[in-house]
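A.B. asks: First the structure, which I've put down as structure tokens, then a few questions once you've had a look.
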Amino acid sequence: MSNIVLQATSITKWYQDPVPFKALDGVNLEIKKGEFAALVGKSGCGKSTLLYVLSTLDTRYEGELQIAGTSLRNANQNDLALFRNEHIGFVFQFHFLLPEFTVLQNVMIPALKRGIWSTDEVEDRAQSLLKHLGVQDQSLKLASSLSGGQQQRVAIARALINKPLIVMGDEPTGNLDSYNTEVVFEMLRNISTEMGQSIIAVTHDPEFAKRCDRVIEMVDGKIV
Amino acid sequence: MKQAWSIARTHLLAKPKQTLVAMLGVTFGIGMFIALVSLMSGLNQFTEEVSMTSSPDIRLYMDPTIQPPPLVASEYPQALVQVDHVRPATKRINLKDGLQTIAQLMAREGVKGVAPLVSSQVFFNYGAMQLNGVVMGIDVEQEERLFNLSSHLLAGNLSSLKATPNGILMGSGLARKLNLKPGDRVSVTTPDGARFSLKVVGIFQLGLGTLDNVRSYANLSAVQKLLQVDPSYITDINVKLHNNQDAKDLAKSWSKEFSCSADDWETANATFLTGNIIRNVITYAVSLTLLLVAGFGIYNILNMTIHNKMKDIAILKAIGYTPIDVRNIFMLQSIAIGLLGSLLGLVLGFILSWLISLAPFDGGDVVSLDHFPVNFSIKYYGIGMVFGVVTTAVAGLTPSRKAGNVDPIEIIRGQ
């Protein structure tokens, strides 16, 4: 099996609203197994747009996208959803936990959705992830009652529960203080080096970008 | 599906007040439907029973108002004959060959029973009181078999009528007005002026004022004697069929066959049956309106929930929930509201109908009722349940599909 987890070939994307605008212009990108890549660039350069295309959430683009050897260009919404469930973990800037559920439930939901492990197994895994991320003592609280840093750690645990190939982060530390930024970065670092999972993170933070394996800089919809 | 349900349940329980309000909408709709339909069908059943017991499936009789065509017309069938202001000729009101007709009908297939009847307008005298009414000469055994007369008796019994040749059963209204009690003698005057004294052996109540205020029953032979006619004199033949739906067609063919008039029960009770239809229409119209309102309530609440849950929907889709999974989450919420709301509605409906059945209602002289008749048929509870669940499912469909088609990027990037 090749070492390349994600391969994007000449990805082009237009926004039609309010005026036709080329957000991505023939982007080519390869991500290797275990690579920790930072996507950087000015506001509006298309880095978030690229992330959502790569994450399969956005399907309105031209070009070719392969993840784990599977071509995703022509897959339908249901297949893509199941593919995301299995292979892609998400960490967003604003945590996006389900507020009515407990921390533990939040982490377990993607694995229960996948449905290949028993509930007990999933719970054990979720607990060990939470322990690893230092928030196990919060596991039975409602997600909405946690602090920002804690929520982001729970979000990371949720992203990892299905052992994805790639974790995609949209400014994962963008909303955190410097202490929590450090903690979250270290966790992501560990994931890529110890568990061999690739990470693509959009960031504004030059400090964050500097410490990644690879920095992908974008200008006007192109990688430079 | 299990996952979808656990999320749906959490959503419902997270906003208990909102869930309760949505449920109560359905509960109220179903409850009112059941209360209404129980009362209406109770009334229908009551009137049907009353009209069924008092009228036969088919009644054969001579209609004296139907005049034979003028003699001239039979001589010149092609001619236009016009005779103004014909004076009614003396005409018998008994059936021709009544006894033979009865014998023939008895042998017919589909005929459950045949009862002869001699009826006449009479005056009842008791003390100074004089009231007009009808005396009906009946074959006690046949009448009991067809109309279950004994179940309508308030006092006395049928065997005493049979044993007393000059006995008479009085309608409850008639007896009350004349202040008669069993054992009293009442004098009866026929239109021809003959006067007899009959002994009251019982009092009956058919349930309809129009009958109980005028009708009385005596033995066939007694009335024939009263009218000074021979034992073959019969004015009406009442027929009960095994299947009363055949009545309309049979009435037509018998009318020709025996050259007399024949009324089926539907024609005879047309006013009652029209009332039934109108009551049914009102019941279903009101109930559907109530359910529609409840459905709109659910539609609104679900739309609001989905609007508030956009972030959750986006995240669920990002972590691998398909549009169908998301749709199911909200459909399940709406069906859960429908199921629970309908179940509560059944309870509410039962309590309401039970309270209605306790409410005193004086039917006055028209019908003999002291309480509202309520039909506690399980059938209506089944219909109510189906109505409730279907309405909520339909109401939930559009919002749920909308939720399934939410574009997660817009939500996630819009933050």
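A.B. asks: Let me cross-check A:Asp137: its accessible surface, 1.4 Å probe, with only protein heavy atoms counted, in Å² to the nearest 10?
C.D. replies: Its accessible surface works out to 120 Å², give or take rounding.
A.B. asks: Counting partner chain Cβ atoms within 10 Å of every residue's Cβ in A:80-87, what's the average?
C.D. replies: On the way: counts 3, 11, 4, 1, 6, 6, 1, 1.
Mean shielding by partner chains, rounded to a whole number: 4.
A.B. asks: Can you give the FRET efficiency for B:Ser377 and A:Asp213, using 1/(1 + (r/R0)^6), R0 = 60 Å, r = Cβ-Cβ distance, to the nearest 0.05?
C.D. replies: Numbers: r = 75 Å, r/R0 = 1.25.
Calculated value: 0.20.
A.B. asks: Could I ask something else about it? Using a cut-off of 9 Å between beta-carbons, work out the net charge of the residues near B:Ile412 (Lys and Arg +1, Asp and Glu -1, B:Ile412 not included).
C.D. replies: 0
A.B. asks: Along the charge dipole of region A:1-156, which of A:Thr9, A:His132, A:Val122 sits closest to the positive end, that is, farthest toward it, with unit charges on the beta carbon of Lys, Arg, Asp and Glu (+1, +1, -1, -1)?
C.D. replies: Final value for the positive-end residue is A:Thr9.
A.B. asks: Grab the other residues whose beta carbon is less than 11 angstrom from that of B:Ser151, score K and R as +1, D and E as -1, and report the net.
C.D. replies: On the way: positive: none; negative: B:Glu49, B:Glu144.
So the surrounding residues net to -2.
A.B. asks: Moving on. If you fit an axis through the alpha-carbon atoms of helix A:178-194 and take the longest principal axis of the Cα set of chain A, what angle between them do you get, 0 to 90°, nearest 10?
C.D. replies: The two axes meet at around 80 degrees.
A.B. asks: Considering just Cα atoms, how many Å³ per residue does the convex hull of region A:121-182 enclose?
C.D. replies: Values: hull volume 5.6 nm³, N = 62.
Per-residue hull volume (Cα only) is 91 Å³.
A.B. asks: May I ask you to evaluate 6.51 cos²θ - 1.76 cosθ + 1.60, the Karplus curve with θ = phi - 60°, for each residue of region B:337-346 and list the ³J(HN,Hα) values in order in whole Hz, giving x for glycine and proline?
C.D. replies: 4, x, 5, 5, x, 5, 4, 4, x, 4
A.B. asks: Which cross-chain or sequence-distant (5 or more) residues have an amide H under 5 Å from the amide H of B:Ala155, H modelled 1.01 Å from N in plane?
C.D. replies: Amide H to amide H, under 5 Å and 5 or more residues apart or across chains, B:Ala155 pairs with B:Ile203.
A.B. asks: Take B:Gln130 and A:Asp177, extend 7 Å from each Cα along the Cα→Cβ direction, and tell me the distance between the two endpoints in nm.
C.D. replies: A separation of 11.2 nm, rounded to one decimal place.
A.B. asks: Cα axis of helix B:98-107 to longest principal axis of chain B: angle in degrees, 0 to 90, nearest 10?
C.D. replies: 40
A.B. asks: Taking the alpha-carbon set of region B:261-317, what are its Rg and Dmax in Å?
C.D. replies: My reading of the Cα-based Rg and Dmax gives 24.1, 80 Å.
A.B. asks: Just to be sure I understand: with springs between alpha-carbon atoms less than 10 Å apart, which residue in B:Leu346, B:Leu20, B:Leu169 has the highest mean-square fluctuation in the Gaussian network model of chain B?
C.D. replies: B:Leu20
A.B. asks: Build a GNM of chain A with springs between Cα atoms under 10 Å: which of A:Ala38, A:Ala81, A:Ala209 gets the top mean-square fluctuation?
C.D. replies: A:Ala81
A.B. asks: I've got another one for you. Note down the magnitude of the dipole of the protein assembly as shown about its Cα centre, charges +1 on Lys and Arg C-beta and -1 on Asp and Glu C-beta and zero elsewhere, to the nearest 20 debye.
C.D. replies: Details: 56 positive and 56 negative charges, 88 e Å.
Computed about the Cα centre, the dipole is about 420 debye.
A.B. asks: A further question follows. Using only protein heavy atoms and a 1.4 Å probe, report how much of B:Leu348 is accessible, in Å² to the nearest 10.
C.D. replies: Counting only protein heavy atoms, the figure is 60 Å².
A.B. asks: Set the Förster distance to 51 Å, then compute FRET efficiency between A:Asp137 and A:Asn28 from the Cβ-Cβ distance, nearest 0.05.
C.D. replies: Numbers: r = 45 Å, r/R0 = 0.89.
E(calc), rounded to 0.05, equals 0.65.
A.B. asks: Under a 10 Å cutoff between Cα atoms, tell me which one of B:Ser41, B:Ser259, B:Ser216 has the largest fluctuation in the Gaussian network model of chain B.
C.D. replies: Maximum fluctuation in the GNM of chain B, among the listed residues, is at B:Ser259.
A.B. asks: Across peptide A:109-117, how many C-beta atoms of other chains are within 10 Å of each residue C-beta, on average? Write out the running numbers ahead of the final one.
C.D. replies: Numbers: counts 8, 6, 2, 4, 9, 3, 2, 0, 0.
Taking all residues of A:109-117 together, the mean is 4.
A.B. asks: How far, in degrees from 0 to 90, does helix A:77-87 lean away from the longest principal axis of the Cα atoms of chain A, to the nearest 10?
C.D. replies: That works out to roughly 60 degrees.
A.B. asks: How big is the dipole moment of chain A about its Cα centre under a simple scheme where the beta carbon of each Lys and Arg is +1, that of each Asp and Glu is -1, and everything else is neutral? Debye, nearest 20, please.
C.D. replies: Details: 22 positive and 26 negative charges, 45 e Å.
Computed charge dipole of chain A: roughly 220 debye.
A.B. asks: Given B:Gly98, B:Trp254, B:Ser357, which one lies farthest toward the positive end of the charge dipole of chain B, if we put +1 on the Cβ of every Lys and Arg and -1 on the Cβ of every Asp and Glu?
C.D. replies: B:Ser357
A.B. asks: Explain nothing, just the number: dipole magnitude of region B:1-140 about its Cα centre with +1 on each Lys and Arg Cβ and -1 on each Asp and Glu Cβ, in debye rounded to the nearest 20. Kindly include the intermediate steps, with their values, before the conclusion.
C.D. replies: On the way: 11 positive and 9 negative charges, 192 e Å.
For this selection, approximately 920 debye.
A.B. asks: Counting Lys and Arg as +1 and Asp and Glu as -1, what is the net charge of the other residues whose Cβ lies under 10 Å from the Cβ of B:Phe258? Could you put the intermediate results ahead of the total?
C.D. replies: Details: positive: B:Lys96, B:Lys256; negative: B:Asp97, B:Glu257.
Taking every other residue near B:Phe258 into account, the sum is 0.
A.B. asks: Report, in listed order, any pair from B:Lys2/B:Lys311; A:Lys113/A:Lys141; A:Lys42/B:Lys317; A:Lys13/A:Lys113; A:Lys113/B:Lys317 with a Cα-Cα distance greater than 19 Å. Don't skip to the end; give the middle numbers.
C.D. replies: Details: B:Lys2/B:Lys311 22 Å; A:Lys113/A:Lys141 21 Å; A:Lys42/B:Lys317 28 Å; A:Lys13/A:Lys113 31 Å; A:Lys113/B:Lys317 11 Å.
From B:Lys2/B:Lys311; A:Lys113/A:Lys141; A:Lys42/B:Lys317; A:Lys13/A:Lys113; A:Lys113/B:Lys317, over 19 Å: B:Lys2/B:Lys311; A:Lys113/A:Lys141; A:Lys42/B:Lys317; A:Lys13/A:Lys113.
A.B. asks: I've got another one for you. With every protein chain kept in the model, how would you rank A:Asp205, A:Asp177, B:Asp236 by accessible area, 1.4 Å probe, largest at the top?
C.D. replies: Numbers: A:Asp205 50, A:Asp177 85, B:Asp236 5 Å².
Reading off the accessible areas and sorting them downward yields A:Asp177, A:Asp205, B:Asp236.
A.B. asks: Can you compute the FRET efficiency between A:Ser144 and A:Asp124 using 1/(1 + (r/R0)^6), with r the Cβ-Cβ distance and R0 = 22 Å? Round to the nearest 0.05. Intermediate results must be reported in sequence, preceding the final value.
C.D. replies: Details: r = 25 Å, r/R0 = 1.13.
Once the sixth-power term is evaluated, E becomes 0.35.
A.B. asks: Mind checking which lysines have their Cα closer than 30 Å to the Cα of B:Lys199? Skip sequence neighbours fewer than 8 apart in that chain.
C.D. replies: Within reach: B:Lys162, B:Lys177, B:Lys181, B:Lys225, B:Lys240.
A.B. asks: Picking from B:Val111, B:Phe196, B:Ala175, whose Cα lies most toward the positive end of the charge dipole for region B:98-232 (charges on Cβ: Lys, Arg +1; Asp, Glu -1)?
C.D. replies: Farthest along the dipole direction, towards plus: B:Ala175.
A.B. asks: If you stretched the chain out fully between B:Arg108 and B:Gln82, how much longer would it get, using 0.36 nm times the residue separation minus the C-alpha to C-alpha distance? Let's see the in-between values first.
C.D. replies: Numbers: separation 26, 0.36 × 26 = 9.36 nm, distance 4.11 nm.
That pair, B:Arg108 and B:Gln82, stretches by 5.3 nm at full extension.
A.B. asks: Right, another one. Using the C-alpha atoms of chain B, what convex hull volume per residue, in cubic angstrom, is computed? Could the numbers behind the result be given before it?
C.D. replies: On the way: hull volume 97.1 nm³, N = 415.
It comes to 234 Å³ per residue, whole-number rounded.
The values are calculated or read from the model by the stated rules, or taken from the named source; none is laboratory data. These numbers come from a predicted model, not from an experiment. Cβ coordinates were reconstructed from backbone atoms using ideal geometry, including for glycine residues, and neighbour counts include every protein chain displayed. Note: areas computed on protein heavy atoms with side chains; ligands, DNA, RNA excluded. Shrake-Rupley method; radii C 1.70, N 1.55, O 1.52, S 1.80 Å.
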